[in-house]
Amino acid sequence: MSKAPQEHPPAIVLIAGSAGSFQAVCSLLSSLPGQLPVAVVVCIHRLKDVRHGFAESVMSRSGRQAAEPVDKEVVRSGRIYLAPANYHLYIDTGRTFSLSTEEAVNHSRPSIDLLFQSAARVYGHSMTAILLSGANQDGAIGVKAVAAVGGTVYIQDPHECEVGTMPRAAAALLGSEYVMRLAAIQAALNRTLGKRP
Amino acid sequence: MTSEELSDDDLGSIISLVRTRYGYDFSNYAHASFRRRVIRVMETSALRPNDLLTKFLLEPQYVDEFLTGVTVNVTEMFRDPGLWLFLRNSLLPEIRRQAQSFSVWHAGCSSGQEVLSMAILLRELEMDHLVQITATDIDTVILSQARAATYPAKQMEANVKNYQKAGGIGSLESYCTVEGRQVRFDQALLSRVAFRKHDLVSGGSFGKFDLIMCRNVLIYFNQKLQNQVVTDFHGSLNPGGFLAVGAKESLAWCDVANRFMVLDHDEKIFRKVRE
């Protein structure tokens, strides 16, 4: 049954969500080990014209430092990055961030699918992707791409989500064995992270 | 066509053929977004990688369509209103204090929304007669759209919102007429604008400017090409000239970074302080 938690030690953890995911994201971030052995990238759909204040609210709610990357910045272990509003965020060659203003995908910019797909090409199995509450279909193709390269995928249980559409769409495409409650995702993630020397 | 079906080898062959046959070099474009653009072009026309290669070999005119497809032409008027407010309140008045006339280069102007935004701003500042604007893009199809200054009416709501936040002193609607589902902006706004085809990759200088606007263009390039292009910008700026890049773009890894000072960190405006 538990095909999902393969528990490769990841080099990067991607956390994505939309409507109703903010609390879950902050809760996940605050539960992570103080000395992060990985890079963490958070991608939440949000208002495109609110450029300031988001990082601050994530930091105050989670108690963790977090910042939006600039284009072509190198992804560094130990940091928490936030996808900027009104851009797509890719992981590019050489483990760098790359931004784009291409049209919205699934009405979304940033697109979770584009982030997950691009990270899967660069990180392969050394990654964990977590999909949380949300109101559209974004992320389903993304988690499939992550699973296809052997990365670890956790989909939040739609029943406990404020809005279950997004995790439900992902589970429908990828399989219900990837679905877990947030508390279980936190435990599994920290187990994998703790495994590293 | 799905993302798995375009291998790096296929992409390499496409880049190589377009470079040798047509002189457009995409090899230093940012890999992830360029790959995605090529996939989109193939999806739109239901082409497989080999079909695309065949088209390049047999239909020379196809390259224009390809250029339009792979370059990103999504933009708004007065995108990032804070930048336009800064131009209105600080930077352009400062330029006026220093010079009788000045020149602006919009590099990678796409469908021209920022050129038009600049033209409107300069008219409201009563500086339009002092300026020469050059607007360039790699894509001639998009340049003709920019010249027409005609955009979908449905974009106006976002444009008006930006215009107001950017300190607009009139009404954006007063600069255009509605024609069905389009709005057509007053051609007189573009009377000081010269549109021309220019590929930032092949570089070269064609003048000196007091202000270069190149926003959300560098993000499509890798660091090597960003460095080359920013070096060209530095060479194309008059002493004390200004460079505005996109809100999430950085000059940090460019060789000429220390020849600029940061004028406004949030709006990413730099000033050339050394040759």
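Listed values, structure above:
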| read-out | value |
| --- | --- |
| Amide hydrogen neighbours beyond the local backbone of A:LEU82, cut-off 5 Å, H modeled | A:VAL42, A:ALA67, A:GLU68 |
| Antiparallel bridge percentage (DSSP; both residues within the protein assembly as shown; nearest 5) | 35 percent |
| Among B:LEU92, B:LEU47, B:LEU211, residue whose mean-square fluctuation peaks in a GNM of chain B (springs only between Cα atoms under 10 Å) | B:LEU47 |
| For segment B:143-149, 3J(HN,Hα) per residue [Karplus equation, 6.51 cos²θ - 1.76 cosθ + 1.60, θ = phi - 60°, Hz, x = Gly/Pro] | 5, 6, 5, 4, 4, 6, 6 |
| Cα gyration tensor shape for segment B:81-272, rounded if a/c is under 1.5, else prolate or oblate | prolate |
| For A:THR96, distant residues with modelled amide H under 5 Å away | A:VAL75 |
| Relative contact order (percent, whole number), chain B, Cα cutoff 8 Å, 6+ residue spacing | 17 percent |
| Fewest-first sequence of B:LYS197, B:LYS165, A:LYS72 by Cβ atoms within 10 Å of each Cβ | B:LYS197, B:LYS165, A:LYS72 |
| Estimated translational D of the protein assembly as shown in µm²/s (Stokes, Kirkwood radius over Cα pairs; 10 °C; 1.306 mPa s) | 67 µm²/s |
| Mean Cβ count within 10 Å, highest first, over the residues of peptides B:98-107, B:256-265, B:133-142 | B:133-142, B:98-107, B:256-265 |
| Chain B - mean residue ellipticity at 222 nm from DSSP helices (-39,500 (n - 2.57) per run, n ≥ 4, rounded to 500) | -11500 deg cm²/dmol |
| Whole-Å distance, taken between Cα centres, linking segment A:154-197 and segment A:25-92 | 19 Å |
| Chain A - mean residue ellipticity at 222 nm from DSSP helices (-39,500 (n - 2.57) per run, n ≥ 4, rounded to 500) | -9500 deg cm²/dmol |
| For segment B:186-198, 3J(HN,Hα) per residue [Karplus equation, 6.51 cos²θ - 1.76 cosθ + 1.60, θ = phi - 60°, Hz, x = Gly/Pro] | 4, 4, 4, 4, 9, 5, 9, 10, 10, 8, 8, 6, 7 |
| Among A:ALA120, A:ALA172, A:ALA66, residue whose mean-square fluctuation peaks in a GNM of chain A (springs only between Cα atoms under 10 Å) | A:ALA172 |
| Translational D in µm²/s for segment B:189-268 (Stokes-Einstein at 20 °C, 1.002 mPa s, Kirkwood Rh from C-alpha pairs) | 160 µm²/s |
| Per-residue ³J(HN,Hα) for segment A:59-74, Karplus 6.51 cos²θ - 1.76 cosθ + 1.60, θ = phi - 60°, Hz, x for Gly and Pro | 5, 6, 6, 9, x, 10, 6, 8, 8, 7, x, 8, 4, 6, 5, 6 |
| B:SER45/B:THR20 FRET efficiency (R0 25 Å; Cβ-Cβ; nearest 0.05) | 0.65 |
| Flagged links, alpha-carbon separation over 32 Å, of A:LYS72/B:LYS197; B:LYS55/B:LYS224; B:LYS161/B:LYS268; B:LYS55/B:LYS161 | B:LYS55/B:LYS161 |
| Cα gyration tensor shape for segment A:12-194, rounded if a/c is under 1.5, else prolate or oblate | rounded |
| Whether segment B:3-70 is rounded, prolate or oblate, judged on the alpha carbon gyration tensor where a/c under 1.5 counts as rounded | rounded |
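Each value in this text was obtained by applying a stated rule to the coordinates, not by laboratory testing. This one's a predicted model, so the numbers in the text were calculated from it and none came from an experiment. Note: ideal-geometry Cβ built from the backbone for every residue, glycine included; neighbour counts use all protein chains shown.
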